[in-house]
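First up is the structure itself, then whatever we jot down about it.
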Amino acid sequence: MSPLNDDKDSITSSFYLTKQTSFRIAMKQRIGVYICHCGGNISDYVDVEQLSKLIANEDNVVISKDVMFACSDSTQKDMVQDINDQKLDAIVVASCTPKLHTHTFRNVAIRAGLNPYNYTQVNVREQCSWAHSDKPMDATIKAYGLIRAGINRVKYSEALENIEITAQKAVGVIGAGISGMRAAVDLARMGNHVYLIEKEANVGGRVAESGKLFMTGENGKDVIDRLYKRIKEIPEITVFTNANLDKVSGSIGDFTLEVSVKDEALKLNVGAVLVTTGFDFYQPKEGEYGYKLSDNVITLQQFNKLIETSNDKLVYNGNAIKSVAYIYCVGSRQSKGENKYCSRQCCSAAIHSSLNVHEKFSGVKAFHLYRDIRTYGKQELLYTESSRKGDIYIKYEEKEPPAVEVKNNKTVITVKDYLTYKKELSFDVDLVVLVTGMVPRSDSNDISSKLKIPTGSDRFFNEIHPKLKPVETVIKGVYIGGTCQGPKNITESVQSSLAAASKINTILRKGTLELEPIVARVNAETCLWCEKCAAVCEYDAIKPIESNGKMIAQVNTSTCVGCGICGPVCPSNSIEIVQFTDNEIESMIDGFMEKAEINTKQDSQENEISSGKQIKLNGFPKIWREIASALDDKTLTIPQLSEQLGVESNVLTWHLMTMNRYGVVEPAGLDEDEAYYMYKLKK
Amino acid sequence: METQEFKPRILVFSTDKISDPGIDQAGLRKIHYSPSVYTISIPCSSGIKPRWILHAFEQGFDGVFIAADGTECSYSSKCSEHTNSIIVEAQKIMKERNINTKRIRMAAICSVCAEPFVNHISTFSKILQDLGSIKNEIAEHKAPSLS
Ligand code: SF4
Ligand code: SF4
Ligand code: SF4
């Protein structure tokens, strides 16, 4: 036992160590533990057989099994059977990372009539057998601690019910650019009412202003007109222009959006919100590449307007334009500045503009001053085409950017060509076009504070996880699509907003929805309504309520995101997150430290190979011992070994290579057909 | 006294959405680190209670490493501040108990931070090796109350 346990509470004056007094729950008594071999991914390093035997002796453990593949159908069926036959009240699965199979095993529990939250996943693969494949014995000891921690934790697990709430089948889409408009159509088609809320007088956002679009060659305005025509034909979509989002209240399933349209104040009741507010173009600073200092320096957006409105000849400020220099990455990829990211679409957009110039006007020379060309995917064809047209590409680096100066009425560019020994080039052009990147909208703070959407260090809105939970935010019921999340081209923007639309539809479809009950809860006995928790909660989830003649904190379970930030600030330790209680966390810590009585000698008999060769394979994977026995006094090829041991040949190859490195086996020349190497035991 | 072979035991608090995948990736890519490192995953590093940290020391962990989300935290833009104040709070109690405050360490670990994680752990292990086992400090503190 810990030396401090006995007098823990008397030693410190700090209130942070207060023991919790309520939240008492019945400990689980009949636990089933399943330790997975994962084929060999775990059992090659961790002695799962020994562990399952050891664990079987633990208090409250009724069943302890090692299984070949825990996630396989047959094992799942066995688990259901065990839970029923043995009346298990909790299960622990020690296998891969919880990211993979939490739902699989929760469903096993549900099928067996056990509450899905009475199950704990223990990661003995990514965080044990693989991480410590170099030290199998230590990995086994660690796995024991991890499993013990899982058992301890599951003892405190509570049967939890998902939080069920009714959902309005209506969606507020904020921002009627192409992402919002396109998502509105899908949402309406799936049976939701859509309020499309646009700040400006017109719908269509940046795309409507974009002129000719790359890859499809259509005009942005035409695409928007077509889409808008379709929207007007759908009665389930209500469009508000000149509309401002004033206030948002409520939570998933039941938000109230207060919107003012001119002088009218509206209250819209929606189940979910999709934010598609878009981006701003980076505005070059005065003097940045001569911007505003020279009349002949403009942004790509200004240039596109010029191409669109000029006929026959490309003329700017009365001067015919015969040469153009495009400077790339303006406002993007600033290793020292705020915008560290690549804006993704600007390389393609600039090259596309250059192609448009060639198509419409003849004899215009183009110099592309780039850092790297990122015309990824099919956009590469634009680059090929432009190179073929004779455009000149000059690579510069951030630390030595091109200089733009006005000399004798000429706009002169000086740049070091990094692909030609940094040779300094100096030439004059008629027009300099700054290929500006994307930045978050200037009003994005306003939106993020009203909807409480977190922003990243790049100041764009944050998804929960770009790979595992894209388009979702930590605010339940609030989704983000398009460029408000980060730089995207039109295709990608629409893809993300449509992904968000179908996510929203899945949650609203049934008219009711279930939320995971991993939220904060307050101990009514000890809470003194000091407001500390409410002050740190960024989701307005904590409000006072009267209970037994005093005020206490109350958590709104549908707005609480379960972050736990309120926990450590409470002076009386009266607030905690379900599944992350003191009992659960502290008992896990105890479990890690439980002394493992792992028998390191257990297999020593087997390890001595019968012919008397003393090969110490202690602590190495079992398959090594099998290979060693098979090779005893024989030389075999990989296919022969594979047949004899029933192990796949690529697995064998891998092990033989390692065994060779450890000096256990060595190659013994080619076989008769000279097709395979033979292996033998090293003396 | 500790021998050369003293392997510090480290408790890692890691966030389930951001740093867990980073730590998992170290395993996936078999970038090895000390097997006396144990990880508990939590939603957000700002939710770690100082008493959990203290409990870890009492139970014999030589160090506590907080794998935070830093600016990537999806819950709070003030996550680093919150986590910092938790560490400060924990260190106050550690001082009262004569536990060396260097036994807590925090770093931002992202979802692809396999190498950085392993590097942080090995640096931290070295620091803890120099400090020696927690048992010395807890025993030191314990001595007066026994007499
Ligand atoms: S797309 Fe091209 S121009 Fe735009 S930031 Fe990325 S590399 Fe620079
Ligand atoms: S911090 Fe919150 S839960 Fe704790 S006592 Fe104050 S009001 Fe109650
Ligand atoms: S866990 Fe606490 S701080 Fe986080 S949202 Fe819920 S009540 Fe607010």
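Throughout, read-outs are computed from the coordinates displayed, never taken from laboratory work. Quick caveat, the model's predicted, so the values are computed rather than measured. Glycine gets a Cβ as well: all are built from the backbone with ideal geometry, and neighbour counts include every protein chain shown.
Which shape class applies to region B:10-142: rounded if a/c is under 1.5, otherwise prolate when a/b exceeds b/c and oblate if not, where a ≥ b ≥ c are the square roots of the Cα gyration tensor eigenvalues?
oblate
The mean number of Cβ atoms from other chains found within 10 Å of a Cβ in peptide A:584-594 is 6, as a whole number. Counting 0.36 nm for each residue step from A:Arg30 to A:Ile110 and taking away their Cα separation leaves a gain of 27.1 nm.
Across region A:512-527, coupling constants 3J(HN,Hα) worked out from phi with the 6.51/-1.76/1.60 Karplus curve, θ = phi - 60°, read 10, 9, 10, 10, 5, x, 7, 9, 7, 9, 10, 8, 5, 5, 9, 5 Hz, and Gly and Pro carry x. Please tell me which of these pairs span more than 30 angstrom C-alpha to C-alpha: A:Lys285/B:Lys17; A:Lys65/A:Lys503; A:Lys232/A:Lys292; A:Lys199/A:Lys488; A:Lys292/A:Lys360; A:Lys532/B:Lys135? Pairs exceeding 30 Å: A:Lys285/B:Lys17; A:Lys65/A:Lys503; A:Lys232/A:Lys292; A:Lys532/B:Lys135. Normalised by the number of residues in chain B, the mean separation of alpha-carbon contacts (under 8 Å, six or more apart) gives a relative contact order of 34 percent.
At a 10 Å Cβ-Cβ cut-off, how would you order A:Ser493, A:Ser52, B:Ser14, fewest neighbours first?
Neighbour counts put them in this order, fewest first: A:Ser52, B:Ser14, A:Ser493.
Eigenvalues of the alpha-carbon gyration tensor of region A:519-577, scaled by 5 and square-rooted, set the equivalent ellipsoid semi-axes at 16, 12, 10 angstrom, largest first.
Remark: for residue pairs A:Lys450/A:Lys543; B:Lys78/B:Lys102; A:Lys169/B:Lys49, the C-alpha separation exceeds 28 Å in A:Lys169/B:Lys49.
Restriction of the GluC sites (Glu not before Pro) in region A:495-547 to DSSP coil positions whose beta-carbon has at most 15 other beta-carbons within 10 angstrom yields A:Glu525, A:Glu531. Where the alpha-carbon atoms of region A:8-162 are placed on the principal axes, they occupy 51, 39, 29 Å, in descending order. DSSP beta bridges fully contained in chain A are about 55 percent antiparallel. Neighbour counting of Cβ atoms within 10 Å sorts the residues A:Asp446, A:Asp430, fewest neighbours leading, into A:Asp446, A:Asp430.
For A:Ser74 and A:Lys595, a Förster radius of 35 Å and the Cβ-Cβ distance give a FRET efficiency of 0.50, rounded to the nearest 0.05.
With contacts taken as Cα pairs under 8 Å and at least 6 residues apart, chain A reaches a relative contact order of 13 percent.
Among the residues of B:75-86, the average count of other protein chain beta-carbon atoms within 10 Å of the residue beta-carbon is 4.
Each residue of region A:162-169 was assigned a 3J(HN,Hα) from its phi angle through the Karplus curve 6.51 cos²θ - 1.76 cosθ + 1.60 (θ = phi - 60°); the sequence is 4, 7, 9, 9, 7, 10, 5, 8 Hz, with glycine and proline shown as x. From the largest down, region A:487-526 spans 55, 29, 9 angstrom on the principal axes of its Cα atoms.
With n ≥ 4 as the cut-off for DSSP H runs, can you work out [θ] at 222 nm for chain A, using -39500 (n - 2.57) per run divided by the number of residues, rounded to the nearest 500?
After summing the helix terms and dividing by residue count, I get -9000 deg cm²/dmol.
For the protein assembly as shown, the alpha-carbon radius of gyration amounts to 1.13 times the rule-of-thumb value 2.2 N^0.38 Å expected for a compact globular protein. With Cα atoms as the point set, the radius of gyration and Dmax of region A:332-418 evaluate to 14.3, 43 Å. Its Kirkwood hydrodynamic radius, worked out from the mean inverse distance over all distinct Cα pairs, puts region A:282-437 at 15.7 Å.
Here's the picture: a label point sits 7 Å out from the Cα of A:Glu158 along the beta-carbon direction, and within region A:93-116 the residues with their amide nitrogen under 18 Å of it are A:115-116. Report note on the peptides A:363-369, A:668-674, A:495-501: ranked by the mean count of other C-beta atoms within 10 Å, highest first, their order is A:495-501, A:363-369, A:668-674. Peptide A:122-132 has a mean shielding of 6, counted as Cβ atoms of other protein chains within 10 Å of each residue's Cβ. Rounded to two decimals, the Cα radius of gyration of region A:142-229 over 2.2 N^0.38 Å is 1.99. Spacing of the modelled spin labels on A:Ser449 and A:Leu670, each 7 Å from Cα toward Cβ, amounts to 7.7 nm.
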